[in-house]
1. Applying the selection to region 145-190, what residues are of a type in the set (Phe, Trp, Tyr) and under 18 Å from residue 121 (Cβ atoms)?
2. Inspect region 201-208 for any residue being over 25 Å from residue 143 (Cβ atoms), touching a residue at least 40 places away in the same chain (Cβ under 8 Å) and assigned to a helix (DSSP H, G or I) and give the result as yes or no.
3. If you go through region 151-162, how many residues are surrounded by fewer than 20 Cβ atoms within 10 Å (Cβ to Cβ) and more than 16 Å from residue 65 (Cα to Cα)?
4. Kindly indicate whether any position in region 9-24 is modelled with pLDDT of 95 or more and touching a Leu at 6+ places or on another chain (Cβ under 8 Å).
5. Every residue in region 110-129 that is out of contact with any Gly (no Cβ under 9 Å at 6 or more places or on another chain) and in a helix (DSSP H, G or I), please.
6. Within region 37-109, which helices (runs of 4 or more DSSP H) (wholly inside it) include 2 or more residues that are touching a residue at least 60 places away in the same chain (Cβ under 8 Å) and under 16 Å from the mean Cα position of the chain (by Cα)?
7. In region 148-190, how many residues are modelled with pLDDT of 95 or more, touching a Pro at 6+ places or on another chain (Cβ under 8 Å), of a type outside the set (D, E, K, R) and part of a helix (DSSP H, G or I)?
8. Please name all residue pairs, on different chains or six or more residues apart, with Cβ atoms under 9 Å, provided the first residue is in region 112-140 and is at positive phi and crowded, with 17+ Cβ neighbours inside 10 Å and the second residue is charged (D, E, K, R) and assigned to a helix (DSSP H, G or I).
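The values are calculated or read from the model by the stated rules, or taken from the named source; none is laboratory data. Everything numeric here is computed off the predicted structure, so don't read it as measured data. No Cβ is skipped: glycine too gets one built from the backbone with ideal geometry, and neighbour counts run over all protein chains shown.
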Amino acid sequence: MKKAGPAKTIAPKPPKNESRTALVRRARRINRELAEVYPYAHPELDFENPFQLILATVLSAQTTDLRVNQTTPALFARYPTPEDLAAANPEEVEEILRPTGFFRAKTKSVIGLSKALVEQFDGEVPGRLEDLVKLPGVGRKTAFVVLGNAFGRPGITVDTHFQRLVKRWQWTDQTDPDKIEAAVGALFPKSDWTMLSHHVIFHGRRICHARKPACGACPIAPLCPAYGEGETDPEKARKLLKYEKGGFPGQRLKPPQAYLDAGGKPAPPLGAG
């Protein structure tokens, strides 16, 4: 596994007249580098089927994936199917979802979503973008999370981390999520879209933070036009690194076996040891 070490060179800002070809090459190289750093990149929400994933993704708004993963086991156990949740007592659902914040609105969303699945799709989560975005509380971001991770259909997830990083990397100057999705998608083969999203989001959560990016510990610093916005001293930068739960591979409470060490415990965080 490639460790996140200090940047060896300071990257000059790409010239304003960076050609389209040069941009594509730089963007794809960044993705290749991140793939080496985060070979285990994955959706950090625990789920076992498309219904659980779409619920967890809706609940992840304005809270952490870790908090969602701590909350959903009780929800999934009590309401395992869309039919169960569609017929649920809202007050009981609110009590379960209270830790995620905005629990009344989220209760309304997940119950409404479940009713729509029952009434329009025979209780099955649809595998098409145009159907998913018609569901209550489901936008393109949520739809692409579900398509990419539950159905294996490529999609770009434009969350806050993704928006921040592609702006810093000057992949696009768009600010609307749909336009960002289109602009970045045009830089990569469609087959790369889902894993690209995971790589960028992992990097945003762990190294390229919103307020204090750890530039001195960033493995793609030589390719980044925003190098220097954060701490460039390697030792100080390493102290800024964030790994949810203090471990690997992130926020999932039930990481796949492939992410565990020989003793069955989560492997150490990137760059540890």
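1. Within region 145-190, the subset of a type in the set (Phe, Trp, Tyr) is 151, 162, 169, 171, 188.
Within region 145-190, just 151 meets the criteria.
2. So far as region 201-208 goes, yes, one or more of its residues are over 25 Å from residue 143 (Cβ atoms), touching a residue at least 40 places away in the same chain (Cβ under 8 Å) and assigned to a helix (DSSP H, G or I).
3. 4
4. Within region 9-24, one or more residues are modelled with pLDDT of 95 or more and touching a Leu at 6+ places or on another chain (Cβ under 8 Å).
5. 111, 115, 116, 118, 119, 120, 121
6. Details: elements: 50-59, 65-78, 82-86, 90-97.
Counting at least 2 such residues, we get 50-59, 65-78.
7. Residues flagged as modelled with pLDDT of 95 or more, touching a Pro at 6+ places or on another chain (Cβ under 8 Å), of a type outside the set (D, E, K, R) and part of a helix (DSSP H, G or I) within region 148-190 amount to 1.
8. Hits for this filter: 137/106; 137/108.
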